[in-house]
1. Would you please give the FRET efficiency between MET198 and ALA45, computed as 1/(1 + (r/R0)^6) with r the Cβ-Cβ distance and R0 = 41 Å, to the nearest 0.05?
2. Once the Cα atoms of helix 204-214 and of the chain are each reduced to a long axis, what angle between those two axes, in degrees from 0 to 90 to the nearest 10, is obtained?
3. Select from ILE14, ALA170, THR46 the residue farthest towards the positive end of the dipole of region 10-186; place +1 on Cβ of Lys and Arg, -1 on Cβ of Asp and Glu, and compute about the Cα centre.
4. For the chain, take the longest principal axis of its alpha carbons; what is the angle in degrees between that and the long axis of helix 240-250, to the nearest 10 within 0 to 90?
5. Provide the gained length on full extension for the span ARG253 to ARG63, in nm with one decimal, where the gain is 0.36 nm per separating residue minus the Cα-Cα distance.
6. Work out the FRET efficiency for GLU13 and ASP224 from their Cβ-Cβ distance, taking R0 = 30 Å, and round it to the nearest 0.05.
7. With angles folded into 0 to 90 degrees, how steeply does helix 86-95 sit against the dominant principal axis of the chain? Use alpha carbons for both and round to 10.
8. How about LYS252: which lysines have a C-alpha closer than 28 Å to its C-alpha, ignoring those fewer than 8 places off in the same chain?
Amino acid sequence: MTSTDTQELVHLEIADGIATITLDSPHNRNALSTQLRGELLDHLATAIADPAARVIVLTHTGRVFCAGADLKESRGASAQSQGVNEVPAIFERIWTSPTPVVARLAGPVRAGGTGLAASCDIVVASEEVNFAFSEVRIGVIPAVISVPLVPKLDPTALHELSLTGETFDAHRAARIGMVNSVVPADGLDAEVRRYTDMLRLGAPGALAGTKELLRRTVTATMTDDLARLSEFSAAVFASEEGQEGIRAFGEKRPPAWVSGPA
């Protein structure tokens, strides 16, 4: 059931066999803050455990699907306080969910938000959506998000886009394996519904078994990879270079390693 708490940053509603999980933190572009991470994990667990939920749809309010890490929380933070456990747990819970998960993207997707989307089974985006693996530009690394991205994306494109941090549009995202379907904004909900209608035709056990079959090789190493890379990522966030990049981003100036305008 949907909470009536107006301070909640993630909402869950289950109706007609669809569990809709909505990121609702537009003030920080749905960044993965401590509160949002905790609520998202809780709602995912509830949806997965409910037999009435045949499909999960992950969506958002506001202009941005997810901006990645909450950089205000990351400023001055230690490696131990960077969401070492929650972010990988979110990715793994979506990736291994026996219930199919569909991402509905109506706005930009950045950094950790790309990992969130890539963990889903099916990704539907409107034509206006764009993406970026922007970590290197603020002095950190796309460590944890690489776990769901590497098995899905074209490796040549992933190397290019991870190292440059360049923004790319939804059509390129579809070409490299990030997105399943790109539609005009006014057709987004209909396209999501087309997928959920098809998914509800599958037997729950058969869908769960098929997901396990398709992801067995990655899932076997995912837990270890997420644990190792999340600690690595947290250490980089807490490093001198990482903190300089985060400060520069907040102060809207080039970081120290950039000579002149970025």
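1. The calculated FRET efficiency here is 0.95.
2. With both axes taken from Cα atoms, the answer is about 40 degrees.
3. ALA170
4. 70 degrees
5. Result for the pair: 66.1 nm of gain on full extension.
6. Working from the Cβ atoms, E equals 0.30.
7. It works out to around 40 degrees.
8. Qualifying lysines at Cα under 28 Å: LYS72.
No value in this document is a laboratory result; all are computed from the given coordinates. These numbers come from a predicted model, not from an experiment. Heads up, the Cβs are rebuilt from the backbone with ideal geometry, glycines too, and the neighbour counts pull from every protein chain shown.
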